[in-house]
Amino acid sequence: MNGTGFRRLVRGLYQDSCSVCGLHLVAVTGHSICEAAHVIPFELSSNDDPRNGLGLCPVHHWCFDEGLFTVTPEYRVKVSPVLDSTRPTEDRLVEFDSTVIRLPDRVEYRPAREALEWHQRHKLLIA
C-alpha cells in the first residue's frame, strides 16, 4: 500500500475523527482534519499496514510523534510524566490520561498491540 492508500484507509477506519479527542471536521471540499499517524514510524518500519496506524487530529498526531503520550496495548492513553497538568495548556493533554481511545469498528483493523508496545518503549518521554 502506498502512503496515500494508508492515509485514506486509516482516516476511513476512524471515520475522519481523532481517536483521542474525537475531533471531526470535514471541509466542503471533502478534506478532513483527521490524519493517519504511524505508530511505528514509516522511516523505521516501512509499514503501511493500517494496524500500524491511528486516526489523530494534527495536535494529537504531533504529540504522539513527539512522545508526549502513547497508547497502551489495552488502547488507553498514557501521558508522558514530563507533562504537568498544573502548567498552562498541558492539562489539555493530561486530561486524556487513562481514557480509552476510539477504535475502528472492525476488530481486525485495530492497532497492533506489538506496534503500541514498541511506541511505548521507544517513543514515550520519561522524566
* Structure fact -> Residues Ser45, Ser17 in order from fewest to most other beta-carbon atoms within 10 Å are Ser45, Ser17
* Thr86 paired with Thr4, simple spin-label distance in nm, labels 7 Å along Cα-to-beta-carbon -> 5.1
* Asked: What relative contact order, as a whole-number percentage, does the chain give when Cα pairs under 8 Å and 6 or more residues apart are counted?
  -> 27
* Added length on full extension, which subtracts the Cα-Cα distance from 0.36 nm per residue, Leu44 to Val26 -> 3.4 nm
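Determine the dipole magnitude for the chain: charges of +1 sit on the beta-carbon of Lys and Arg, -1 on that of Asp and Glu, nothing else is charged, the reference point is the Cα centre, and the result goes in debye to the nearest 20.
The calculated dipole for the chain is roughly 220 debye.
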* To do: With the cut-off at 24 Å, report for the chain the share of all Cα pairs above it, as a whole percent.
  => 22
* For Glu117 and Val59 in one chain, what is 0.36 nm times their gap in residues minus the Cα-Cα distance, to one decimal in nm? -> 18.7 nm
* Structure fact -> Here the net charge surrounding Phe64, from other residues whose Cβ is less than 13 Å away from its Cβ (Lys, Arg +1; Asp, Glu -1), is -1
* Could you run the Karplus curve 6.51 cos²θ - 1.76 cosθ + 1.60 with θ = phi - 60° over region 13-23 and give me ³J(HN,Hα) per residue in whole Hz, x for Gly and Pro? => 4, 9, 6, 6, 10, 5, 6, 8, 9, x, 4
* To do: Report the FRET efficiency, 1/(1 + (r/R0)^6), for Asp105 and Leu125, where r is their Cβ-Cβ distance and R0 is 25 Å, rounded to 0.05.
  => 0.20
* If you take the charge dipole of region 3-122 about its Cα centre, with +1 on Lys and Arg Cβ and -1 on Asp and Glu Cβ, which of Ser46, Cys18, Tyr109 is farthest toward its positive end? -> Tyr109
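Laboratory data are not the source of any read-out in this text; all were calculated from the coordinates shown. Everything quoted here is computed from the prediction, not taken from an experiment. FYI the Cβ positions are ideal-geometry reconstructions off the backbone, even for glycines, and counts take in every protein chain you see.
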